[in-house]
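Visitor: To start, I am sharing the structure in question, which I have written as structure tokens.
Throughout, read-outs are computed from the coordinates displayed, never taken from laboratory work. What you are looking at is a predicted structure, and each value in this text was computed from that prediction instead of being measured. Cβ coordinates were reconstructed from backbone atoms using ideal geometry, including for glycine residues, and neighbour counts include every protein chain displayed.
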Amino acid sequence: MKPSNVIFAASEAAPFSKTGGLGDVMGSLPEAISLAGAKVGVFLPYYRQTRQQKFAVKLLLKKVKVSLGQRDIYFSLYRYFHRGVDFYFINKKDYFDREYLYGGPLGDYSDNALRFAFFSQAVLSSLKVLEISPDIIHCNEWQTALIPFYLKKSPGQKDFFPETKTLFTVHNLAYQGLFPSKVLPGIGIEQSFYIPEELEFYGQVSFIKAGILYSDALNTVSEAYSRDILTGEFGFGLEGLLQSRSKDIYGIINGIDYSKWNPETDNFIKVRYNNKSLANKAECKRDILSRFKMEPDINRPLCGIISRLAQQKGIDILIKSFTGLINLGCSLVVLGKGEERYERVLRSLSQQYTRYLGVHIGFDESLAHKIEAGCDMYLMPSYFEPCGLNQMYSLKYGTIPVVHSVGGLEDTVIDYQQNPSKGTGFKFRILNSYNFLKAVSRAIEIYKDKRIWKNLMVRAMKADFSWRNSAFKYMKLYGKMRVKK
Ligand code: ADP
Ligand code: GLC
């Protein structure tokens, strides 16, 4: 039974707000679902980052009430119609008019439990006032994981949403929304839920557990990751609970938005190109080398990384392998922001190796596109990767990915050596500096043969990860959820 009305709830969506892949996905999946035939709305916090972009949002509701614990909290709701989708913004300045989305260099905001519990209740309150009782509420990550819980456990909610089913998507199990138990009264959750069978998790309250336990179905953003999370290695302590729900867990690979990530139409890059005008890609490479004031040798392979500088992304492996990479004869550009320990080492390496290493610490959308276009190879030594988007962007830009074969990286890159006629990149199985360098060195060997490398680039550029296929899978899953009692 195809859904006719789908509501997404998320803590970020491009172009309104973005810190990583979740933003990209929430900025493009809803449109794909609407193209597949459903009416779609997306609820987001109205952050300062969104406000500053001055979208022509319309005030829709004033003074909507949320009761959390003993408190009544009031907010207003804005709407903005964008690419076939109604984007609804929960406006509460105290919580969302801040410099960052989740926290700054000093750590997460101390009231995140309250901010996102409020957001979750505000989504349900808005739907009630707007008289929308959707077929599906599609929740994403711990920030919206309380929605399935509130829907089933808060007094009166189920009466308004009798047919509504909830899907909870885990984009990254490492982020769980863990808080001290003292937050419970303030977010309207009774102490009786603070037990291991419910929301308690090793002495803290776990928001993600609410999503896992109370949603009607769950999914992750690649098939491989939906299996990975059931293991001790990648389950972050939740593998037992996830195993108990394994028949309701699905894996649907993310798509990518080719209207934003396509070297043929990209406004950010020096010269546009496609698989028939690859000489233009060399211009993009020159552009990157000159921007970073690096050795302008166009024949020296150039590797790129655009990443949150977090442990997950294998930045320690990259740093350990750095001199090895230079010795293999390649150069490297890194665009990243995140943990201070990594920022510090990368900055200092770039001062030492100015000719072969370019580092930009910061978040820069335009530079991200230029790096995708200008590099020969893209490196992803991630410890785990639920989906990963940059390897798919890289394929489209003919920038050959070298990846640790886990999660979405396993599902989206075909190893050239294992399958020379279909290969699109280079993969290695066990993550360590030795294997990583070996994979890069295999890539460099192939790079030396211009004809073979060109064929590889052309094949990579033809890979299709558009949202259409994945939206179709989501529609099927929503349909299945609707008929399930
Ligand atoms: P994750 O969501 O785990 O960070 P993904 O590969 O799914 O990883 O998505 C990362 C997204 O964030 C990509 O669009 C990538 O280009 C972007 N990104 C990451 N770091 C930066 C940065 N410093 N500047 C610009 N874009 C970035
Ligand atoms: C998470 C994951 C990343 C995934 C993204 C979007 O941030 O780390 O692998 O691509 O979510 O689903």
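Visitor: Obtain the radius of gyration and the Kirkwood radius of region 433-483 from its C-alpha atoms and give Rg over Rh.
Guide: 1.34
Visitor: Using only alpha carbon positions, build the gyration tensor of region 115-199, then give the equivalent ellipsoid semi-axes as the square roots of 5 times its eigenvalues, largest first, whole angstrom.
Guide: Equivalent ellipsoid of region 115-199: 22, 16, 12 Å, largest first.
Visitor: Just the Kirkwood number for region 278-463, please: inverse of mean 1/r across all distinct Cα pairs, in Å, one decimal.
Guide: 16.0
Visitor: Taking the Cβ of each residue in Met392, Met457 as the centre, tally the other Cβ atoms inside 10 Å and list the residues starting with the fewest.
Guide: Exposure proxy ranking, most exposed first: Met457, Met392.
Visitor: Need one number: % antiparallel among DSSP beta bridges in the chain, to the nearest 5.
Guide: In the chain, approximately 30 percent of DSSP beta bridges are antiparallel ones.
Visitor: Lys/Arg Cβ at +1, Asp/Glu Cβ at -1, dipole of region 278-463 taken about the Cα centre: which of Leu328, Gln311, Tyr342 is farthest positive-ward?
Guide: Leu328
Visitor: Moving to a separate point now. Which Cα, out of Ala368, Leu395, Asn299, lies furthest along the positive dipole direction of region 278-463 (beta carbon charges, K/R +1, D/E -1)?
Guide: The residue sitting farthest along the positive end of the dipole is Asn299.
Visitor: Tally Lys and Arg at +1 and Asp and Glu at -1 over the other residues with C-beta under 9 Å from the C-beta of Asn5: what net charge comes out?
Guide: Cβ neighbours under 9 Å give a net charge of 0.
Visitor: Under the 0.36 nm per residue contour assumption, what length would be gained going from the current alpha-carbon distance of Thr323 and Asp111 to full extension?
Guide: 72.1 nm
Visitor: Within region 47-147, report the GluC sites (Glu not before Pro) that DSSP leaves as loop and that have at most 13 other Cβ atoms within 10 Å.
Guide: Glu99, Glu131
Visitor: Tell me whether region 248-377 comes out rounded, prolate or oblate; compute the Cα gyration tensor, take square roots of the eigenvalues as a ≥ b ≥ c, and use a/c under 1.5 as the rounded threshold.
Guide: Judged from the Cα gyration tensor, region 248-377 comes out oblate (a/c at least 1.5, b/c at or above a/b).
Visitor: Rounded, prolate or oblate for region 66-185? Axes are the square roots of the Cα gyration tensor eigenvalues, ordered a ≥ b ≥ c, and the cut-off for rounded is a/c under 1.5.
Guide: Rounded, since a/c falls under 1.5.
Visitor: Continuing with the same structure: Stretched out fully, how many nm does the piece from Thr265 to Lys65 gain, at 0.36 nm a residue minus the Cα gap?
Guide: Taking 0.36 nm per residue and subtracting the Cα distance, the gain is 67.5 nm.
Visitor: Size of the dipole of the chain about the Cα centre, Lys and Arg at +1 and Asp and Glu at -1 on the beta carbon, nothing else charged, in debye to 20?
Guide: It comes to approximately 1100 debye.
Visitor: At q = 0.05, 0.09 Å⁻¹, what base-10 log of I(q)/I(0) does the Debye formula yield for the chain when every alpha carbon is treated as an equal point scatterer in vacuo?
Guide: -0.19, -0.62
Visitor: So what's the net charge close to Arg341: Lys and Arg +1, Asp and Glu -1, counting the other residues with Cβ under 15 Å from its Cβ?
Guide: Here the count lands on +2.
Visitor: Do any trypsin sites (Lys or Arg not before Pro) in region 369-426 lie in a DSSP loop with no more than 14 other beta carbon atoms within 10 Å, and if so, which?
Guide: Sparse-neighbourhood loop trypsin sites (Lys or Arg not before Pro): Lys422.
Visitor: Measure off 7 Å from each Cα along the Cα-to-Cβ vector at Ser192 and Ser366, then give the distance between these two points in nanometres to one decimal.
Guide: Label-label distance for Ser192 and Ser366, simple model: 5.8 nm.
Visitor: While we're looking at this one, here's another question. Work through the residues other than Val403 whose Cβ is under 14 Å from its Cβ and net out their charges, Lys, Arg +1 and Asp, Glu -1.
Guide: Result for the local shell: +1.
Visitor: Which shape class applies to region 1-153: rounded if a/c is under 1.5, otherwise prolate when a/b exceeds b/c and oblate if not, where a ≥ b ≥ c are the square roots of the Cα gyration tensor eigenvalues?
Guide: Rounded shape, in that the Cα axes give a/c under 1.5.
Visitor: In a solvent-free Debye calculation with one equal scatterer on each Cα, what is log10 I(q)/I(0) for region 297-358 at q = 0.21 Å⁻¹, listed in the order of the q values?
Guide: Those come out to -0.81, one per q.
Visitor: So if R0 is 22 Å, what FRET efficiency would Arg344 and Lys93 give, r being the distance between their Cβ atoms, rounded to the nearest 0.05?
Guide: 0.05
Visitor: Hey, what angle do you get for helix 340-352 against the long axis of the chain, alpha-carbon based, 0 to 90 degrees rounded to 10?
Guide: Value to nearest ten degrees: 20.
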